[in-house]
1. Would you confirm whether or not region 66-81 contains a residue that is closer than 30 Å to residue 50 by Cβ, free of Cβ contacts under 8 Å to residues at least 24 places away in the same chain and part of a strand (DSSP E or B)?
2. Answer yes or no: is there a residue in region 87-103 that is polar (S, T, N, Q), surrounded by 12 or more Cβ atoms within 10 Å (Cβ to Cβ) and more than 15 Å from residue 16 (Cα to Cα).
3. Name the residues in region 1-26 that are surrounded by 14 or more Cβ atoms within 10 Å (Cβ to Cβ) and over 20 Å from residue 89 (Cβ atoms), would you?
4. Based on this model, can you work out whether residue 65 counts as surrounded by fewer than 18 Cβ atoms within 10 Å (Cβ to Cβ), of a type in the set (Asp, Glu) and touching a strand residue (DSSP E or B) at 6+ places or on another chain (Cβ under 8 Å)?
Amino acid sequence: MQEQKIKSKVRKGDTVMINAGRERGKSGKVLRVIDKGNRVIVEKLNMIKKHSKPTQTNPAGGIVDREAPLSASNVQIFCTKCNKGVRTGLKQVENKKVRFCRTCGQNI
């Protein structure tokens with residue numbers, strides 16, 4: 001069965017708060033959005049140990065710490081005014097679509 005591409009509300013560069021799993025309550029910046037599996041990679045969160053073979057860039061090889069993908073359903077966009085993860089909406093401002101916080105109404 002083929003996985004569908006799902007349009008995510010989270011974009012690269014957004015600050016998000018994790019609301020499920022072992023990293024619950026922490027926030028960080030989105031480094032990458034993987035559309036195919038509806039997953040996101042958040043900077044310095046959900047770290048794993050990856051065993052790597054020696055390469056030209058890393059001749060020693062060894063064990064490397066790196067971020068693992070999280071499900072996009074387990075993160076919410078972080079509102080600086082509310083200081084928590086919030087749901088977002090879209091509104092037209094000067095012929096541009098802008099995301100806003102559903103709790104306080106501030107543009108994100």
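1. The answer is yes, given that some residue of region 66-81 is closer than 30 Å to residue 50 by Cβ, free of Cβ contacts under 8 Å to residues at least 24 places away in the same chain and part of a strand (DSSP E or B).
2. Checked region 87-103: at least one residue is polar (S, T, N, Q), surrounded by 12 or more Cβ atoms within 10 Å (Cβ to Cβ) and more than 15 Å from residue 16 (Cα to Cα).
3. 18, 23, 26
4. Taking the combined requirement at face value, the residue satisfies it.
Okay, residues lined up against (1) within 18 Å of residue 16 (Cα to Cα); (2) of a type in the set (Val, Ile, Thr); (3) surrounded by 13 or more Cβ atoms within 10 Å (Cβ to Cβ); (4) modelled with pLDDT under 95:
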site	(1), (2), (3), (4)
28	yes, no, yes, no
36	no, no, no, yes
44	yes, no, no, no
57	no, yes, no, yes
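The values are calculated or read from the model by the stated rules, or taken from the named source; none is laboratory data. Please read these numbers as outputs of a predicted model, since none were measured by experiment. Here the Cβ is made from the backbone with ideal geometry for all residues, glycine too, and neighbour counts use every protein chain on show.
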